[in-house]
Amino acid sequence: MSITANPFDITGIKSSERTGNQQFVEWLNQIVRDDNLGFGLAKQETVGADRKQPDVILLKSPQSEDLAVLIELKPPFYDPLDFELREIARKKAVARRAPYFATCNFKSLYLFSTERANRMEREDQQLVQKYQLVDIEDLNLLDEPGVKLQMVRILTRFMVQLSGFIFGKEKESLIPIDEVLISILQEKVKLLTIAYIRLVEIRTLNDPGFRKRLGTWFKEQGWNFVLQRQDFAKAARQTAYLVVNKILFYDMLRSTDPQRFSKLEIPNDFTRGGMVKRHLQNFFDEVLQIDYETIYSTDFIDEIAFPDDRNVIDALRDLVRRLNRFDFAQVPFEVLGRIFEGLIPAEERHVLGQYFTTPDIVDLILAFSLRSDNDVIMDPGCGAGTFLRRAYHYKKLRNPRLTHEQILSTLWGNDIAKFPAHLATLNMAIADLKSTGNYPRIVQKDFFDWRPGNVALPENTRKVFLASLGNEKKEEVVPHYFDAIVGNPPYTRQEEMDNQAGEKGQEYKDELIAKAVSDENGRKYAEISKRAGLHAYFFTHATKFLRNGGRLGFIVSNSWMDADYGRGLQEHFLHNYKIIAVIESKVERWFADADVNTCIVLLEKCAGDKCAEQRKENTTRFVYLKKPLTYFIPVASDIFAETVERKAAVEKLLQYMLGQTGFFENEDLRVYCKTQGELEAETKWGKYIRAPKIYFTILEKAKDKLVPLKEIASVRFGIKTGANEFFYLTEEELKKRGIEEEYWKDNYVIKSPRECKSLLVKPKDLKYRVLMVHKDRSELKGTRMLDYIKEGEEKGFHKRPTCASRKNWWDLGVWRKADIFWTEFFFDSHRVFLNDGNVLESDKHYGITVTVEKTDPKLLHAYLNSSVSIFFRQLSGYQGLGEGALKLPVYEVDKLLVAKPNLLKQWRDNLASIMAGTICTREIGNVNFELEQRDRRELDVVVMGNILGLSETEIKLVYEATIDLVDTRLSRADSVTKKIKTKEGVDVKMLVGSIVERCGGNIFGQYYQKHVLNKKSKAFELPKFVTFPEIKLTLLGYRLESGRVGVDFENEYLAKYARVMAISGQNEFVAPTENEDLEIVSKKFEEMEQKVEEAVRYYTEGLLDDKLLGQVTGLVWREVWK
């Protein structure tokens, strides 16, 4: 049976397993009760003398002893699809006459048909359904609220479906063969990974040669390497994948020539890793005689693939045996491609923001982009080759006479990463493994290093070497232009690009942007904000490779439609393309594991002055799909007739959307049409997708009654302290420290909207005060305030960018109270606060101050809390966050439409009466709750009815639209999984802790206290150095210098002492006055400095990002000086 040693090494694992089983049973019974499913109780049975009793059983009904299902539960380090484990569960199910049995390791649950399993049918025919539960390795985590919530949610789906099967309400359906194979292979990858992690960790920490080779291998992959567990896991996962990949590909190749290639088997008496490795290599050598060196050449990582570990050997033997049950000759190329694609671990896809695209989206983009069998297509960030594989399939379907070589010559892919590029090559080549000209046009290169082909360049500048699956390479000339460019560009945000750039750092990023926004002749032809994500630059760079009239289809983050940094991209589209359509879904997240919302962009290149009028007159369709794509497009099939039907359905949907020329809406979708000429004056395009018709009705009916907020009020950011933990303190903390009252007494601050019990901000409800200190250091002499400032400097607060930018880092400047507070983020509760006291706002709020004379802020406050304000907020906010949050930046709040002051004044008494009632004294609930409240409806009658002139029916439409907008945004976000925040896969806190531990802890701090502070000393002050200073001998003595900044010292030891102080961030310090003491201390400092540098180097030699290295080094110095 395939298991690995328990990685947590918990004593009494049987007890832990049984505790987990008990929780599992309790959850099942809770679901039976809550959902009224008709089942009897779920029970945990103890193991009897015959050892054939199951772990968990579920009775078919309360009155029956018949079973509905029998579940074999194992800990997370078991393979739930292991043949032996399934056999045990099957036999138990037969003995108890259970129609279904399941195997589960708390991470995954697989439901099988006992009847079909008894017939020993292939696994994909036995399996009824699979369920991904929670990603845990430790059963102690089952008590975590998030884990429990996820587990109950998925188990509910399992129980509801099982009820349908048992009671005849739902028919069983076979799971596609590729999904079954992917599950089998993924479970083996998980199992092998757990086994390999410990092996990699032990060898890395104990074998310097292995550690160096592993670091080199990581660097070749473009990854950081800092000796953390996730590094060991990454190497282990890649090892598991490559081993599984070799076995899988051998079986696929054997299916093309079973006479030549022997059946792969691992004898039962092979118990040593070396034996298995040599045995398998004998099979692989047969393949190498033909070619395929790309797959079967040995890699450094092969060193750890075959340890003397019985669990690993059993897992590999089980995998080989199970794959032998499949006839890969009967598995279509399209299915094989999905298998290879599905094997890539999700974590690796995210390294460069890559997310796999579903066939429905790919086929929709291809149906738009490809118009001829001969069209040459390119995917600039191809990953494992999804778009290219589907394009191959699409072309073959259109013209079956096309040969493998002919199709490959028209499909070009590029990926910056070695691993995906290798998989893309493999994915394309397996379409015809017998082909002698099997050269997929896959290039492993940074797309921004590609040179455009329409300038008079020597041909050799456009040549690339293409790899087949062997060791041969073919020189190929890149086409001058492509007929179509398609893809799913990385979703990396600008702020994340620093970490992606590796050791090139800022220089690389600047070069990338310069290349992307320059035309074929090197002239700048696009203005893209540096805040834009990487996908924006893919658009501008791809434009240079697309022929005029060619088509481009990308699926990208939808942020460019509304965020300020999207305007440059909008202008690029307007000046170079006919924008054919922008498509978004109301009902589904197209990438559930990406924390962004997405849209499909369909463009046709139409560049040049001669085409200006064509572009201006072009109609752009903003499409909002109300049904999932599967409603319009049949499931991908391997049956020719069904494939033809699917192709026709995709093309019909495309025509359905693109055939609209004006506003169109039905139960399937909504299309809003605008000419590009009209779009030139717009910056917020998202409203044309998401805004319902009532929005445009309001704009028309109230066009003379509404003005942007900035015309009647100023909007500012809240206080950005740069060090909240220093500036925000409770009254208790302030008094305990003895800080003088003049710096805080009346300085109440709202940090979180949760502090407020109503729409009125009252000082008594607030927890924190903010320090307001407008004095120089000399003026603060002798105060507790100055002592506190010095304490803050010891913690390095003064070095933080925001603090360092101020003349006196502790002085936040003079702030006047704002009239109204607007919260930066919105989920499902809209609250705009009236400042009912002398309160200031934190950076989580914006301060709004009325600027029109004789206008009561309370009137504006009333309007901003009305439902029309909530409605406008939904349509103006930035929704690209993906996790459900809606953000309205300051400059967008400025533009928010509000009623003119004179209209608000006309209804002063009504508004004042309503706001004096319950709406300003009670807690505010979510939008669904609020729109039912009488006081809010009274407010809305005045604002929407009396002031804006909407009818009762139109007000109702605003309510319906507001609820729909909020529900849609939140429902699309509920599938995002929260993950521990790291910097480019590096847990910074853990890394710093490991380095400091290797140094010996806070060695400088301890030494300084024991051997410096008790000596006669003198105080010194250092200038602010931008980089670490160096010592230079000058006519005046020894100079500590960095760039143009320097300071002179009278002797070498004092200079060395000061240098250590500088690199550890100590701008003020004391040093011994006696030269003898100074010499001893400085030499000890040098010795400890070398120790710190060695520890930093030991753990960070594989760290590619210089910026991150600097951050880690700074944090280490801070810790060793504590």
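Taken together, the values in this text are just the output of simple stated rules run on the coordinates, not laboratory data. Small disclaimer: the values here were computed from a predicted structure and weren't measured. Positions of Cβ are backbone-derived with ideal geometry, glycine not excepted, and every protein chain shown enters the neighbour counts.
Overview of results
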{"read-out": "Shape call, the stretch 13-175: gyration tensor on alpha carbons, a/c limit 1.5", "value": "rounded"}
{"read-out": "Cβ crowding within 10 Å averaged over residues, with 240-252, 1009-1021 ranked highest first", "value": "240-252, 1009-1021"}
{"read-out": "Label of the coordinate-derived value, Kirkwood radius over Cα pairs in Å, listed as [x] 41.1; [y] 33.8; [z] 30.6", "value": "[y]"}
{"read-out": "Amide H partners (placed H, <5 Å) of residue 607, local residues excluded", "value": "549"}
{"read-out": "Rounded to the nearest 20 debye, dipole of the stretch 698-831 from Cβ charges on Lys, Arg, Asp, Glu", "value": "160 debye"}
{"read-out": "Under 5 Å, built H, 5+ apart or other chain: amide partners of residue 309", "value": "273"}
{"read-out": "Using θ = phi - 60° and Karplus 6.51 cos²θ - 1.76 cosθ + 1.60, couplings along the stretch 825-839 (whole Hz; Gly, Pro as x)", "value": "10, 9, 10, 9, 10, 9, 9, 10, 9, 8, 6, 8, x, 7, 10"}
{"read-out": "Mean Kyte hydropathy of 0.5 or more with a Cα span along the axis of at least 30 Å, helices from DSSP in the chain", "value": "145-166, 177-206"}
{"read-out": "Interchain or long-range residues, amide H under 5 Å from residue 898's placed H", "value": "707, 709"}
{"read-out": "Sorted by Cβ neighbour density within 10 Å, fewest at the top, the residues 541, 535", "value": "541, 535"}
{"read-out": "Cβ-Cβ FRET estimate between residue 308 and residue 827, R0 fixed at 41 Å, reported to 0.05", "value": "0.15"}
{"read-out": "Which of 772, 561 has the fewest Cβ neighbours within 10 Å, and the rest in rising order", "value": "772, 561"}
{"read-out": "Contour minus Cα-Cα distance for residue 916 and residue 371 (0.36 nm per residue)", "value": "189.7 nm"}
{"read-out": "Local net charge near residue 175, Cβ-Cβ under 11 Å (Lys/Arg +1, Asp/Glu -1)", "value": "-4"}
{"read-out": "The stretch 986-1060: C-alpha gyration tensor shape, a/c 1.5 cut-off, then a/b vs b/c", "value": "oblate"}
{"read-out": "Estimated [θ] at 222 nm from DSSP helical runs (n ≥ 4, -39500 (n - 2.57)) normalised by residues in the chain, nearest 500", "value": "-13000 deg cm²/dmol"}
{"read-out": "Percentage relative contact order, the chain, counting C-alpha pairs under 8 Å, at least six apart", "value": "8 percent"}
{"read-out": "Gained length - residue 451 relative to residue 1083, 0.36 nm times residue gap less alpha-carbon distance", "value": "222.0 nm"}
{"read-out": "Estimated FRET transfer efficiency (residue 1070, residue 1045; beta-carbon r; R0 22 Å; 0.05)", "value": "0.55"}
{"read-out": "For peptides 823-835, 148-160, 389-401, sequence by mean Cβ density within 10 Å, most packed first", "value": "823-835, 389-401, 148-160"}
